[in-house]
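Read the structure below first, then the notes.
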Amino acid sequence: MDNRSNVPPDRQLEDSSASLSQFDAPRDSWVRRHGPLIVVMTAAFAYFMTQFNALSVILVVLGISLLIFVHELGHFLVAKWCDVHVLTFSIGLGPAIPGCSVRWGETTYKLGIIPLGGYVKMIGEGADEGDGDDNPRSFKNKSVGQRMAIISAGVTMNIIFGFASFVFVYMAHGEKRIPAVIDSVEVGSPAWQSGVRSGEVVKRIGSKKNPYFDDFLFQVMNSVKGEKLDLVVGPPNVPEEKLSHFKIEPQRRDSDQKPMVGVFFAPQELKLFPEAMKRYRPYPVRKESAAAEANPPFEFGDEILGTTDSAEPDNLGKILPVPPDPRTPENPRHLDYYDFYKRLQLLAGKKMVVQVRRANSSKIENITVPPEYHYVFSGLLMEMGEIVALRHNSAAEKAGIQVKDVIEEVRVADDQNRTVRFATEPKIISSNAEPKLLDPTRLPFDLDQWAARKSGVRSVTLVVRRGTGKQEFHLDWDDSWRFNNESPKPPRWSVSLSGLGIAYQVNTTAADVRPDSPAWEMGLRKNDVIRACRFMKLGKKLDDLPVQDSWVDLKPYEWAEILTYCQVEDIKELSVRLEREGKEITLRAQRDETWPMETRGLILVPEMRLVRADNVSQAVVMGWGRTWDFVTGIYGNLRGLATGQVSTDLMSGPISVAEAAYAMADEDFYQYVLFLGIISINLAIVNFLPIPVLDGGHMVFLIYESLMKRPASRQVRIATTYLGIAFIFSLMAFVIYLDLKKKFS
């Protein structure tokens, strides 16, 4: 029904002329008027279509447009329901694309040339004096309740769209989620100090029972300062009474970007990445690794079925199948990654056979893999750092070791009752002592090897520097931590003596440089301090030459960062910048065949479990649960940003969102639908913040009007509108800066 008779004559004329100019003007006049904008949009479109998968780009644009449409449709429908005169319904900004604007009834519907944003224009919506004052169908002449309904309708539709996306995916396919199985524990973290072990299943974190990884993340990130969370973990399939209960306070220290407890969820499938990932990683295994020297070679998509029996390491012909994972009894084909990892630890330093099923042919083959060794900088010894944490109830804590102590000497007795002495100055103290240099990076391995060979009681003597004096302690070794996966991670970058419960750091100061070593020849000297480093990295294409990565500044205690990355980087060459005269030198790491490591360069895909509903009602329940989780999680993140618990560096802008959307669209349609649902909920929450210009800001004015029985003054509305616009543009510039910083750092 056309209600144009209710529109003021001047408004009718304005709408009519706009319509005539849109449809009756020659096409070339439209091009001339908007020439610069057309050039920019055409260039942007051409760039994205040529540089990226065209179908994925189209899906991203359609997805973003759909979210805008859903939001604006909410405003439009409720405005019509409340009998408000809607002038324009626009998806996209700027002038309408030729042929994409139509007048139907009293409203002009159009597609703007800029596919970012959209709007519904109603009579009486602005702050202009006299705009729609005498029109009963003006927005401003509707009741406060009706205006609240119109303003909140866009946000409501975004929430509904997110909920509907989750329900659709749970019914049609299922959501891939990372299970809350602890893959590794950060050395020195709250979880490490409490005694959390790798391979255990999280049964509860905070208020969330049987969580997945993102549930765990939300609970930790949304905790308030000083809050202790309930953490219940245990091996798979154990009764309730055998589960471990902890009270852990998430901490944000040093350069942490968010509160953390120090557990990492990266359980892996026993499969190499598929060939589709070749464009991201040109090799199926790490380029400089034992796996790269395997015979026959590993291939993309190989599925690991078995290995050499660790109980008979010299019998390469005996293959022991990897058992099913007890954490997934519903899927007996899913093999136990943690059993495989334990075998790698037991077979470290030995040749082994890995049995695989080829992805293309399903053929089963036995691959012989040589041992892998740590990469080190020969002749370079770094300085021992301070003890930064002790595990609760450990031998070290019970003996009286303290944080900030510095280990200077370690003494143990071997099976022949000879003393093995690790010291910064390994002089012979008796004829019954074997002196060894105390290498802080290698000490955990040396003690683990000693403990594995030693029978009976295992006792360790530590001499530590405390202040200006020295103290000696005698500790018992706890072998139950032998297979715990403890990793140096940022920002603490600590290494551990796991059997003693000690976490310490390694300084970036050279304690000693052996003459005639590669490091010496490159100009590194004793007491030199390394302030920054950068690795070499592979080119984007298989035949590209390696390129230098960006410089990374190092804190005085972060040598463990360099050593850790050196083991996993494809190219073992890096440049370091010294404090002395800003000198830059290049170092090449070499294999140390006296220091084997368990990993052999295999790159396994992360484990994802498919969560799917069995029926419609279950899908609705699951969809609502995920919607509620994201709503509360986003508000928790905003609170964390406001209180400083969460760093602004974690914020993402349009570039990051577009890249993530492209990656999802390019990989998995259902994951892309889920991503759109999550973004829709994010848009709803952000758009309802009490910021002028946003829907939440309008709602604040309506609440004020409802309480005070009069609207805010025109001056206040105009002033706050300008402030809101300034804030939004400043925020947009800031998040784009963060996006570019992440992209190019």
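The values are calculated or read from the model by the stated rules, or taken from the named source; none is laboratory data. These numbers were taken from a predicted model, which means no experiment stands behind them. In this analysis, Cβ positions are derived from the backbone assuming ideal geometry, glycine residues included, and neighbour counts consider all displayed protein chains. Keep in mind that these areas ignore ligands, DNA and RNA; they rest on the heavy atoms of the full protein, side chains included. Shrake-Rupley method; radii C 1.70, N 1.55, O 1.52, S 1.80 Å.
Considering only 618, 599, 563, the residue lying farthest towards the positive end of the dipole of the range 511-642 is 618, judged by Cα position with unit charges set on Cβ. Protein heavy-atom accessible surface, 1.4 Å probe, per residue over the chain: 49 Å².
Rounded if a/c is under 1.5, else prolate if a/b beats b/c, else oblate: with a ≥ b ≥ c from the C-alpha gyration tensor eigenvalues square-rooted, which is the range 620-686?
Working: a/c = 2.73, a/b = 1.24, b/c = 2.20.
Since a/c reaches 1.5 but b/c is at least a/b, the shape of the range 620-686 is classed as oblate.
Amide H to amide H distances under 5 Å link residue 265 with 183, where only residues 5 or more positions off or on other chains count and H is placed in the peptide plane. What separates the Cα centres of the range 208-251 and the range 620-652 is a distance of 18 Å.
For the range 244-358, just say rounded, prolate or oblate: build the C-alpha gyration tensor, square-root its eigenvalues into a ≥ b ≥ c, call rounded for a/c under 1.5, and beyond that prolate if a/b exceeds b/c, oblate if not.
Working: a/c = 1.87, a/b = 1.46, b/c = 1.28.
Prolate.
On a full-extension model of 0.36 nm per residue, what is the gain between residue 718 and residue 408, subtracting their alpha-carbon distance, rounded to one decimal in nm? Don't jump to the answer; show the numbers that get you there.
On the way: separation 310, 0.36 × 310 = 111.60 nm, distance 6.85 nm.
Working it through step by step, the gained length comes to 104.7 nm.
Please compute the net charge surrounding residue 372, taking Lys and Arg as +1 and Asp and Glu as -1 over other residues with Cβ under 15 Å from its Cβ.
Working: positive: 286, 287, 343, 350, 351, 572, 591, 600; negative: 288, 293, 569, 570, 592, 593, 598.
After counting each charged neighbour, the total is +1.
Peptide packing: for 610-616, 341-347, 513-519, 271-277, the average count of neighbouring Cβ atoms within 10 Å per residue gives the ranking 341-347, 271-277, 513-519, 610-616, highest mean first.
Which whole-number percent is the relative contact order of the range 506-547 (Cα, under 8 Å, 6+ apart)? Don't skip to the answer; put the middle values down first.
On the way: 35 pairs, mean separation 13.0, N = 42.
RCO, the range 506-547: 31 percent.
As a fraction of the 1.4 Å probe accessible area of the chain, surface on carbon and sulfur atoms comes out at 57 percent.
For residue 420, the shell of other residues with beta-carbons less than 9 Å away shows a net charge of +1, using +1 for Lys and Arg and -1 for Asp and Glu.
A value for Cα extents along the principal axes in Å was derived from the coordinates, and within the list [x] 119, 84, 65; [y] 98, 68, 51; [z] 110, 61, 61 it appears as [z].
Dipole orientation for the chain: of the candidates 535, 124, 284, 124 has the Cα lying most toward the positive pole (charges on Cβ; Lys, Arg +1; Asp, Glu -1).
Once the other residues with Cβ under 13 Å from the Cβ of residue 646 are scored (Lys, Arg +1; Asp, Glu -1), what is the net sum? After counting each charged neighbour, the total is +2. Measuring r between the beta carbons of residue 579 and residue 437 and using R0 = 22 Å, the FRET efficiency lands at 0.35. Site pair residue 144 and residue 742 shows an inter-label distance of 4.1 nm when each label is modelled 7 Å from Cα along Cα→Cβ.
If packing is taken as the average count of other Cβ atoms within 10 Å, what order do 493-505, 624-636 fall into, highest mean first? If you can, show how the numbers build up before the last one.
On the way: 493-505: 26.1, 624-636: 17.2.
Descending mean neighbour count gives 493-505, 624-636.
Once a ≥ b ≥ c are taken as the square roots of the eigenvalues of the Cα gyration tensor of the range 175-225, is the result rounded (a/c under 1.5), prolate (a/b larger than b/c) or oblate (a/b not larger than b/c)? Note, shape of the range 175-225 comes out oblate. Screening the chain for whole DSSP H helices with an alpha carbon extent of at least 27 angstrom along the helix axis and a mean Kyte-Doolittle hydropathy of at least 0.5 yields 54-81, 144-172, 714-744.
Dividing the mean sequence gap of close Cα pairs (under 8 Å, 6+ apart) by how many residues the range 230-310 holds gives a relative contact order of 21 percent.
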